[in-house]
Structures are given as C-alpha cells and as structure tokens.
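Participant: Quick one: structure below, then a few questions.
The values are calculated or read from the model by the stated rules, or taken from the named source; none is laboratory data. Just so we're clear, the structure is a prediction, and the values are computed from it rather than from any experiment. Neighbour counts are summed over all protein chains in view; Cβ atoms, including those assigned to glycine, are modelled from backbone coordinates with ideal geometry.
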Amino acid sequence: MPLFYALTLFLSASLLFMVQPMVGRMVLPLLGGTPAVWNTCMLFFQILLLLGYIYAHVVGTRLALRQQVKVHLGVLGLAFASMLVATLLTSNHSAIAVLSSLSPQGLKYPYLGILAVLTVAIGLPFFAVSTSAPLLQKWFSESGHPSAKDPYFLYSASNIGSLIALLGYPFFIESMLVVRSQTWMWAFGFGLLAIAIYQCSQLLWRQMELTPPVKPLNDVKVVADDSPAPSLITRLKWIALSFVPSSLMLSVTTYITTDIASLALLWVIPLSLYLISFIIAFAKMPPLFMTILTLCAPVFILLLLFMMNSGNEPDYAIKLLLHVINFGVLAIVCHGELARQRPSTKYLTEFYLWMSVGGMLGGLFNGLIAPLVFNSTFEYQITLVIACLVLPKLEVTGPSSFRSHMLDIMLPLVVYILAIQLEDNSEKLADVTRTIQQNLKIPFDNLALVVIYGFPAMIAYFFVERPVRFALTVALLFVFGYQSDMRFLNERMKLRERSFFGVLKVESDELSNRLVHGTTLHGTQNRYALEFQIVSTLAPMGLTSPMLIPIVLQEADEVWRAPLGRTPETYYHRTGPVGSIFKAMERVNPKGEIGMIGLGTGSLTCYLKPGQRGTIFEIDTKVVNIVENLPEPSDPYFTYLKRAREQGAIIEYQMGDARLKLEEVTDRKFSVLLVDAFSSDAIPVHLLTLEALKLYFDRVEADGFVCLHISNRHLNLEFVCERLARELGVTARVMNDGDDQYFGKTASTWVVMTRTEKAIEPLTADPRWTKLDVDEYVPVWTDDFSSLLSVLRFKQVRKFRAFFGMGAPVSDDE
C-alpha cells in the first residue's frame, strides 16, 4: 500500500511540475518573452496550489472518508472534461488551450491578463492535481497502516517525481515533442492519475477492513490524536520558512534569465534546486549534514553581500554558481527547519496549507509587488535579510535581557558607521594596502576592497546566533552598498525605472546617454551632436584626430548641419550591418516603408528620410516614455525620434507583442523589417520560429529584406537562422561585425533574408556579408518546438549533446 501511494504521488508531482514550464513556454509569446512572465506564471501556480491545499484541508477535516473520495473523483472528472472541451474548441486541437485573444497588449502591468489566460488554459486541471499530495497523505495517515503515523516520507516521493519531470522537460520532452504532443502526453498522464487515485481509495478500504481505523468512515468527529494545535507563532514560522525559498527561487531565476534568455531550460535550474531541497529536508537527513549547511548559510549570504557591495564581481560562471549555491543552501536549511517543525498527522493538511501560503506570498512579493514598488530588483536583498531572521540557531539561548535587545540595535549601527568610515577613507586605505601588497608580495590586487567591504561583513558573521542582530546588520550593509552605488551612479544615472518587462536605466557620462535594460545595452546617443557627427564622418576615412574638428566646423554649412542628432550609434552604426542594409535599400526602394520590431533608443529612425514612414512595434510603454522624453525633462535623454520628425519622417507605434500586432497590420508592406526586440540578452524565441518568419515575409515586399539582430553572448543563433532559411527556401546572409574601433560603435551580428538570390544582390556588394554556418543537429524552430540546448555556446553542454548523439563532436582544443 505505501508503495502504490508513493507511486501515485510521484505521478501527481510529475504532472504538476511538467505542466509549469510547458504552459509558461506556451504563454511567453503573448507577452514578448520577458522573464517577468515566468514570475507571473509561478505566482499563478502558487495561488492555485494554495487553493488546492485549502480544498484538501477543508475536505480532509470536514467530510467522511467516503465523501472525500467521491468529491475528489468528481473534481478530477470535471478537470478532465475541461481538457476535452479545449481539444474540441481549439484550432490545433491541443489539450491545453492558450487563447491569444485573452492576452493583454500595450499595458504597463498585464498581470490580470496573464492570470486570465492561465486560468482558462490550465486552471481546473492544475487545481485538481495540486490537491493530491496533501489529500492522499491524509488518507494514508488514517488507513491504520504501520507507516501511517508519519506519512511525510510520501512528500519526498512526490518531490522526486517533480524533480524528474522538471529536468526531463527541457532535456528530453521539449527537445523531442512538439507542444501539442506535450499537452496530449500531459492529458494522458492526468487520466492515469485519476485511475491511480481511485485505486488508492480502494486500497484504503481494504486496509481499514484489516486494521481498526483511526476515524470511522462516516464519522468525522471522533479523533484519536489529541496533539495540541500549532500556535500562531509556529504558523508564522511555517509561512516565513516557506516564503524565503520561494522568493529566492524567483529572484535567482530573474537574474539568470535576464543575462541569458527567458527559456524553460533556465527556469528549471532554480526550481529543480527548490524541489531538491524538499527531498533532502523530508528524507530524514543526518543532523550533522543539516548542521554543516546551517553553518554555511550565513557565509554564502555574506559572500553575496560582499560581491554586490564591492562591485568586484568574478567572471560570469563563478558569479552564477555563487548565486545558485547560496539559494540551494538556504532552501535546504529553511525546508529542513520546516520538516523539523512538522506537526502530527492530525494537522497534516493545515501544515501544507500554511506552507503553500508562504510560497504564494513569495510569488506575490516577487511577481507583483516588487515590480510595482521598487525601481530595481531590491526583493532579492530583502529576502536575504528575512532569511537571516529565520535561519535556525545552533545553540539554545535563554531569554534575552534588555541589554541584549539594545545591542541588537546598536551593534549593527556601529558596523554600518564603520563601513561608511572605511569607504570615506578609501584612498588612504588603498595606499596602505598597496604598500602591504608590495612588501609582502601579495598577488591579490583588490586588498583595499576586501578591507572596505569585507571587514564589516566578517564582523556580521559573529552575530549569527542573534537573528535580529545578524539580519539588521546585513540589512544596513545592503543599505550602505546601495548608498555607495548611488553616490557613484548619481553622477551618471539620470533615470531608473522598473516595469513589468524589467529594470530600465538611463546612464550618462561626459559624452553620451545610454539606455540599459537589465544588463543589456539598448543603445546610446552622443550628447554633443555636432562634434560626434564630425568624428563619426571622419572615422571611416581614418581622420580621427580631434585637431581636425575646428577646421571642419569652420567649413561646415547649414545643409550639412541639418541632420544633426541623427547619427546612429552602437549596433546601428553606419559602418556596421545596419548601415550596409540601408545602403543596399538605397538602390532598391529608397522611399519604402520601414518596420522596426523593438524601439531601443530609436537609433534606427536615423535612417528614415523626409516623407518616409517607419512603424515601430514596441511592447513596453515605459521605453516609449523614456525615448520620447515623457514627461519632457529639461535635458532630453534621446532625441532621435524628435530629429527624425523635424526632418519629415513619419513615425507611428504599434504597442503590444510584435507578432500579434503584425498579424493585425495587413494594409501595408515593408521594404525592410528589422527584428531587434530583445528579452534578456537574446531575441525572444517566438520571434525566431518558422511561423514568425513566414509572417515577416508576408509583411515585406517581393524584394524586401527581413533583418534579424541575433547578437548574444551565450547562444549561437546563426545556426537557427540558417535552418529556418533552408526550410523556407529563402536566401540568407550574415555579418558578424566585430569591428568596434569606430567611435560610438558596438560589435553586432545581423542576419538578412530575402526571397531570392537576385533580391539580396544589392547587399552582397559588401563582402562582409557571408553565407551562414550550418549545424545539421540544430532543428527547425517552430511555435511548437524549439531547443535551446542545440545552440548554447557552453562547451560542456555541447559535449553533453554530442554524447547522446544530439550534436556534433567537440574537441578538447576548442
């Protein structure tokens, strides 16, 4: 009996955690592929999980066992019927219906729209599955079986199923099955679960016939367990211990997906650690293991504190590893404390209910409250401070005195003041540490940073056994780090705002303003248009000496001065791929309409001529406000659009997801369609599928260009473009322009596709445009199927694919 219950919970949890990345992947295209969509999805799943646990608690405590079984089988039947209806009503006959008609477009905060889409798509089935873990454990606890006194071991079984489903999704399911087949696979698993739950009820009756039941089948009032009810303080601890791992999971996910791409493969890394922490915590690990982790937890928090405050970050891989390990350790410690404090089976469903409340609050805090309240990702630091409060103490201390409480406040303030004094004397410290390094021949170059930012953190570690003192010290040191950043950034940061789609910053230096989204540069504009235009004009001729500027100024006339402020920079420089594209279009259709997916700073509008129309597809209204300088600041950030309009260019916006808006725009054809939308550090996947390319070509003229900006540090998207071009039977060329020697220019990679070889001839006059590299192992990306693994640049991932026959061999010399 325990084995069958464990297998049923294993299946239930597998379905629960397979559907999360699957539905998240299906919803991403409706909202531009932003990482915030995943956080909102997680909030939705946590809300439904809470509702499921409330249902299990009410049903498990107020209904007789036979009534519980009937009600639950009825709920499962309704959920299965909803999937049958979805299959009949959707055009692609998917078992999970994601309706694009419900997607919110052009809104600052589209949370309610996403929740509506998810509710219609998977609400009832997910709710039904989420109730299984607590309800089946409750049934088993009342079966009279010898193992029924502590059924929490079943929770480990369910989390093992969750982990296998999560890891299997990106590595196998997503790489082998189209989305529609995935939904049918999930629906089939749901049917098996319903059958398994029915069999569990039959096993329950048989077991209870053999063993006198703890509770009669039709009497809910007789209870043998007289354990005291958990106190309010205990319940609040359960909530806090659940809140911290949930919030940290979403914070780390945002961090990872912002720097790489918002894809299921990357979502599952923190979520898998989250599940592993449950498995370890409820698997009765040796006390020594938990003690070691409890000792390590504050060390990792303080390492992160030092890294964030000092700005002396290691390379990307080490930095990522530190964030992930810190999250994993804290999750295990918090969930381990939850497992230690678990109540008797009488309060089993209530225990899971309060756990789900904490998880839901973590999702609510990260997914909804933080983007509305903060202008940066402060939720990460706040959750780390809360973690300091709930970390278990290794020593049992007596009641605190008034003096101890005063020290809990005063000592953190002393450390905070010490940190400020160290930073104020940073130049003197740098001289001293430099002398020490030279005399002692210490190879470490940043000894001064260790003293300024590391010494206060080291002091904080001695406060670990006083949670309030430790948490307050860490909080004040985070405040100190933020103040240090602000003192440095205020000189160059003009604006920082946060929208649903991420954190936007306008930074300024002596020469230019720049728009940064997360960690990705989205464009710059020089603040001195005339001087910059001169240098940019002379640079291709090798005339870069500032001494020539006064001479050219004297000879410049008003005609030459007319286009001031319209010199594109960064990825759009006139000497780069975009400049080459527009030179080619000069010979084809110089007055043709231009389509631009992604606004950035508006640099692309520099190529619009008087009377020429440019249509910009943008999903984030805050980007528009910044680039259009709304409300108008005394010193405008960017003037590309203003200058373009002044010289007769016609600019209009289509607000919302580019694909959905392109489907609506049927009354025009573009000469050039530039796809330059970036979510995280990559073009959103749904803008780089076979269906997307077909739509693009349907919206360009017969000899028009479809241009894709595929620059990325971690993904080689050239292979994807080549495979798509071959599938469509179109011509494609790529320019990997690493030449960033010109002032204001940034290296970039662009792919151009045309219907015929003849149409691309004006472009190939520039020899830098070459044929795309081929990788036969890269599949055709479609709306139903895409594989991030196939294009990851990381050598170890490529070796993994080669080992399983899914990629080309990789030499050790690479």
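Participant: Search the range 670-685 for residues that are in the same structural domain as Asp698 (by TED's automatic domain parsing) and assigned to a loop (DSSP other than H, G, I, E, B) and pair each with any residue that is among the basic types (Lys, Arg) and modelled with pLDDT under 90 when their beta-carbon atoms are under 7 Å apart and the residues are at least 6 apart or on different chains.
Facilitator: Listed by first residue and then by second, the contacts come to Asp681/Arg713.
Participant: While we're on this one: Go through Ala759, Ala765 for me and flag whichever is under 16 Å from Thr731 (Cα atoms) and modelled with pLDDT under 90.
Facilitator: Only one candidate qualifies: Ala765.
Participant: Can you tell me which residues in the range 634-658 are in a helix (DSSP H, G or I) and either of a type in the set (A, V, I, L, M) or touching a strand residue (DSSP E or B) at 6+ places or on another chain (Cβ under 9 Å) (or both)?
Facilitator: So in the range 634-658, the residues in a helix (DSSP H, G or I) come out as 640-646, 658.
Tyr640, Leu641, Ala644, Arg645, Ala658 - these are the residues of the range 634-658 that are in a helix (DSSP H, G or I) and either of a type in the set (A, V, I, L, M) or touching a strand residue (DSSP E or B) at 6+ places or on another chain (Cβ under 9 Å) (or both).
Participant: So, Phe743, is that one modelled with pLDDT under 90 and either assigned to a strand (DSSP E or B) or crowded, with 19+ Cβ neighbours inside 10 Å (or both) or not?
Facilitator: The answer is no for Phe743.
Participant: Another question, then. Residues to consider are Leu348, Leu391, Leu384, Leu413; find the one that is surrounded by fewer than 19 Cβ atoms within 10 Å (Cβ to Cβ) and out of contact with any Phe, Trp or Tyr (no Cβ under 7 Å at 6 or more places or on another chain).
Facilitator: Going through Leu348, Leu391, Leu384, Leu413 in turn, the sole match is Leu413.
Participant: Out of the residues in the range 278-301 that are part of a helix (DSSP H, G or I) and among the small types (Gly, Ala, Ser), which is modelled with the highest pLDDT?
Facilitator: First pass over the range 278-301, keeping only residues part of a helix (DSSP H, G or I): 278-281, 287-301.
Subset that is among the small types (Gly, Ala, Ser): 281, 297.
Details: Ala281: 82, Ala297: 93.
Taking the candidates together, the pick is Ala297.
Participant: Would you mind listing the helices (runs of 4 or more DSSP H) fully within the range 484-569 where at least 3 residues are modelled with pLDDT under 55?
Facilitator: On the way: elements: 529-538, 549-555, 558-561.
It comes to 549-555, 558-561.
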